[in-house]
1. Around residue 25, under 15 Å between beta carbons, what's the net of Lys plus Arg minus Asp minus Glu among the other residues?
2. Spin-label point model (7 Å from Cα, Cβ direction): what's the residue 188 to residue 266 distance in nm?
3. Net charge around residue 125, counting only other residues with Cβ within less than 15 Å of its Cβ (Lys, Arg = +1; Asp, Glu = -1)?
4. Cut-off under 14 Å on the C-alpha distance; same-chain residues fewer than 8 positions from residue 143 excluded. Which aspartates and glutamates are left, in chain and number order?
5. Residue by residue, what Karplus-based ³J(HN,Hα) values in Hz, rounded to whole numbers, does segment 202-216 have, using 6.51, -1.76 and 1.60 with θ = phi - 60° and x for Gly and Pro?
6. If r is the Cβ-Cβ distance from residue 160 to residue 130 and R0 is 25 Å, what FRET efficiency results, to the nearest 0.05?
7. Amide H to amide H under 5 Å from residue 107: which residues, 5+ apart in sequence or cross-chain, H placed 1.01 Å off N in plane?
8. Calculated FRET efficiency, residue 117 and residue 208, Cβ-Cβ r, R0 22 Å, to nearest 0.05?
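What follows is calculated from the coordinates using simple rules that are stated; it is not laboratory data. These numbers come from a predicted model, not from an experiment. No Cβ is skipped: glycine too gets one built from the backbone with ideal geometry, and neighbour counts run over all protein chains shown.
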Amino acid sequence: MVRKESSDVICYSVGMCHVDKGEEFCHLFPIPKEGMYPAIMKSQQASRTLQNILQLNFKNENSFCDHEVLQFMCDMIDRFLNQAKPLIDLDGDSYSTVQDWRGSSWRGKDCNDLIKHIHPGLRPADYDRDIDSNCNGIWGTNKITGEPYEKELCEGTNPRGLVYIGDSVGAHLHIPSQWFTAKEFLKKYFTHFEFILGNEFDWPETSFATGYKNLSWPTLQGYTDSLYFRLREHNLCNHRDYQNLAVNGADSEETIKYIKEISRNKTSLPVIAIYAMMANDICSGQVIL
């Protein structure tokens with residue numbers, strides 16, 4: 001899409017379409033100016049280059065990541081690709097103010113990305129008299145009673161977060177059908193293309209596990225209900241305390257490394273942790289467990 005290749009070129013480039021020897025290329029959209037075959041070769045070469053970049057071992061010696069200026073960038077990419085952590089996380093607490101790229105679509109939104117000890121799920125520091133340390137929106141002091149609002153509203157309510165570990169089902173994988181239907185190939189359906197790509201074609205913000213918002217986008221519409229929504233409705237002190245560690249294509253063996261990325265420690269509130277593999281373990285035909 002970035003290179004503005006037509007669907008025809010992409011289809012031939014990835015091998016889903018083919019042309020018999022001696023026959024002309026079948027195409028739905030206009031043939032590129034340079035011709036179909038050169039366009040396909042150009043697309044394949046660009047795709048291989050991108051694939052090589054994504055498969056780089058960022059920890060190899062003598063790589064470009066050894067340069068101190070590039071190290072920060074490489075660490076960010078490694079966090080996103082291999083650790084299911086936010087690409088943009090300035091204070092390194094595994095929470096972000098950015099929604100996509102494993103940000104707040106997947107984990108509760110950070111209310112201060114410059115201070116590591118401020119993020120969702122923490123036990124409130126001094127009942128959050130002066131600052132919202134756990135980002136649930138409750139902080140300050142009741143001028144009438146002199147008590148912190150966090151203590152008045154949340155003490156004794158057993159607040160807790162939700163952690164979901166799974167595969168594409170829990171991540172709510174959804175590729176808009178309009179992208180593959182010629183008569184619906186309209187600009188409006190690509191309005192949020194970069195966001196959808198940044199979320200790996202997943203919609204955790206509307207998933208049954210950690211969904212928290214309704215959508216009226218051309219590519220996805222509907223009312224959202226989720227386990228996190230129910231938990232938050234039961235106790236508003238649980239606001240923003242969710243983590244979705246689902247990964248497309250994950251299986252039980254691979255998921256072990258993602259479980260280690262749960263952002264929780266002794267200073268955190270308890271969580272309800274749900275582990276649910278619903279696709280690859282069952283459909284792969286291999287015994288994994």
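1. In short, -3.
2. That separation, rounded to one decimal, is 5.7 nm.
3. Net local charge, residue 125 excluded: -2.
4. In chain and number order, the partners are 130, 152.
5. 9, 10, x, 5, 10, 6, 5, 8, 10, x, 9, 8, 8, 10, 10
6. The formula returns an efficiency of 0.55 here.
7. Answer set, sorted by chain and number: 244.
8. According to the calculation, E is roughly 0.10.
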